[in-house]
Amino acid sequence: MTDLQITLFGAGGVFIVGVFSYNKWQEYKAKKSVERAFSTDHDDVLMRDGDAPAVETQEPVLRQEPRFDAAPAAKAEPSFGAPPASAVPDAPVHAEPSLGDAGVEAPAAVAAPLQQEVSAASEQATSLVDPLIDCLLPLSLEAPVRGDKILPVLQTLRLVGNKPVHFIGLHVNGDWEPITHGGVYTKMQGGVQLASRSTALNELEYSELVTRLRGVADEIGAEPEVPDMMEVMAEARNLHRFVAGHDAQLGVNLHTNGAPWAISTLLFALEKQGFDVRPDGRFVMPDGEGSYLFSLSTNVTLAEETTPRLTLLLDVPCVAPARDGFGAMVACAKALVGRLDATIVDDYNQALSDAALAEIAGQVQEFYQEMDAADIPAGSTRALRLFS
């Protein structure tokens with residue numbers, strides 16, 4: 001059997017599964033619609049003590065296809081170059097919260113912290129469902145819903161393959177936020193990440209997502225808007241090409257000038273230098289904010305007692321330029337040279353001079369500029385999601 005025949009059989013199988021799933025979904029949806037029509041269990045989520053009226057909000061337009069090229073009209077496959085200002089996705093529309101009846105101003109001491117809290121929630125919502133790296137999945141709700149009621153259902157759809165799926169909601173106060181207990185939402189937006197370090201979202205994963213999403217939507221009384229598969233696949237492949245082209249891990253090595261180092265001696269020297277030992281056995285240099293700048297490998301198994309070589313490794317797209325991860329790594333290597341009587345070498349055991357290290361540092365800066373131009377700054381939440 002030829003490769004072409006195998007491919008055709010595979011495509012035919014996917015088509016048959018899709019048709020069968022669609023028919024089963026239509027049958028299930030019709031059944032649930034009848035059940036809801038005759039159901040009397042309607043949760044009036046906006047009722048409060050004193051029968052306070054529901055808050056009227058202006059619905060923002062969150063749905064926006066990500067664009068990275070300069071052509072505003074024609075639908076084209078995005079290219080991760082330098083986007084114009086108009087190409088950067090807008091943050092969710094922000095409405096100032098009301099603290100009381102119309103005409104009553106909130107005290108400044110109360111309003112300022114509340115504004116900061118709302119702003120933080122909006123930023124977190126944008127980081128969870130990001131128009132630049134996620135396929136957006138709008139969900140229209142039949143009626144406002146409580147977060148407590150829908151969260152257990154949403155928890156059943158957190159991953160498709162290895163791609164995370166997130167949901168945010170339009171709160172009755174007019175702000176988009178992560179869905180939480182106690183919140184009341186008039187609209188929802190889902191998002192599935194288009195690519196990761198390893199793969200792009202593929203057709204089978206997307207088909208699974210659509211089937212599961214429709215089941216979730218039916219459970220919470222929502223109607224999903226599903227984007228065209230071909231367009232989503234094109235965006236996913238394009239984003240993955242960018243990730244693969246910028247998946248840079250930069251290392252410098254220390255080679256002993258004498259006998260191999262005893263691992264017990266190394267542990268003491270590395271602790272003095274500021275390294276932490278993670279539960280998985282990795283040595284990492286903390287950044288002071290709960291993460292790390294670079295890691296270190298002994299290049300031997302745990303069973304070995306000595307090693308002649310250490311490797312310091314910087315995950316370039318995951319460290320912000322302001323932290324100067326490469327500069328910190330080189331400074332650490334030079335400090336260990338004095339402690340361990342070693343030489344800084346490349347992967348071929350050739351000594352790395354200060355001039356060579358400076359040239360590499362310049363290349364790292366160019367790399368950061370490329371990521372900034374694509375609106376995926378190194379070390380940002382967006383970059384950490386993509387390069388996880």
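The values are calculated or read from the model by the stated rules, or taken from the named source; none is laboratory data. No experiment lies behind these values; they were computed from the predicted model shown. No Cβ is skipped: glycine too gets one built from the backbone with ideal geometry, and neighbour counts run over all protein chains shown. Heavy atoms of the whole protein, side chains included, go into the accessibility calculation; ligands, DNA and RNA do not. Shrake-Rupley method; radii C 1.70, N 1.55, O 1.52, S 1.80 Å.
Assorted remarks:
- Pairs meeting the criteria (first residue in the range 377-388 and more than 13 Å from Ser198 (Cβ to Cβ), second residue in a helix (DSSP H, G or I) and of a type in the set (Val, Ile, Thr), beta carbons under 8 Å, at least 6 apart or on different chains) are Ala378/Val316.
- Val129 being touching a His at 6+ places or on another chain (Cβ under 6 Å) and within 28 Å of Phe387 (Cα to Cα): yes
- Residue within the range 183-192 that is in contact with a Cys (Cβ under 8 Å, 6 or more places away or on another chain), of a type outside the set (Asp, Glu) and either within 25 Å of Ser380 (Cβ to Cβ) or modelled with pLDDT of 90 or more (or both) present: yes
- Residue within the range 151-174 that is part of a helix (DSSP H, G or I), among the aliphatic types (A, V, I, L, M), touching a residue at least 12 places away in the same chain (Cβ under 8 Å) and buried (at least 20 other Cβ atoms within 10 Å of the Cβ) present: no
- As for the range 286-295, it holds no residue that is over 23 Å from Ser388 (Cα atoms) and not basic (Lys, Arg).
- The set of residues in the range 243-258 being more than 17 Å from Phe326 (Cβ to Cβ) and in contact with a strand residue (DSSP E or B) (Cβ under 8 Å, 6 or more places away or on another chain) consists of Val243, His255, Thr256, Asn257.
- Selection within the range 275-286 - among the charged types (D, E, K, R) and surrounded by 14 or more Cβ atoms within 10 Å (Cβ to Cβ): Arg282
- Hits in the range 175-193 (condition: among the hydroxyl-bearing types (Ser, Thr, Tyr) and open to solvent by less than 10 Å² (accessible area, probe 1.4 Å)): Tyr185
- Every condition in (1) at pLDDT below 95; (2) aliphatic (A, V, I, L, M); (3) open to solvent by less than 30 Å² (accessible area, probe 1.4 Å) holds for Ala91 except the one numbered (3).
- Among (1) surrounded by fewer than 20 Cβ atoms within 10 Å (Cβ to Cβ); (2) touching a helix residue (DSSP H, G or I) at 6+ places or on another chain (Cβ under 6 Å); (3) part of a helix (DSSP H, G or I) - the single one Val226 does not satisfy: (3)
- Matching residues, the range 242-263, being surrounded by 14 or more Cβ atoms within 10 Å (Cβ to Cβ) and either in a helix (DSSP H, G or I) or under 19 Å from the mean Cα position of the chain (by Cα) (or both): Phe242, Val243, His246, Asp247, Ala248, Ile263
- Tallying residues that are on the phi < 0 side of the Ramachandran plot and either part of a loop (DSSP other than H, G, I, E, B) or modelled with pLDDT under 90 (or both) within the range 270-280 yields 5.
- Cβ-Cβ contacts under 7 Å between residues 6 or more apart (or on different chains), taken from a first residue in the range 122-135 that is crowded, with 21+ Cβ neighbours inside 10 Å to a second residue that is part of a helix (DSSP H, G or I) and among the β-branched types (Val, Ile, Thr), are listed as Cys135/Val232.
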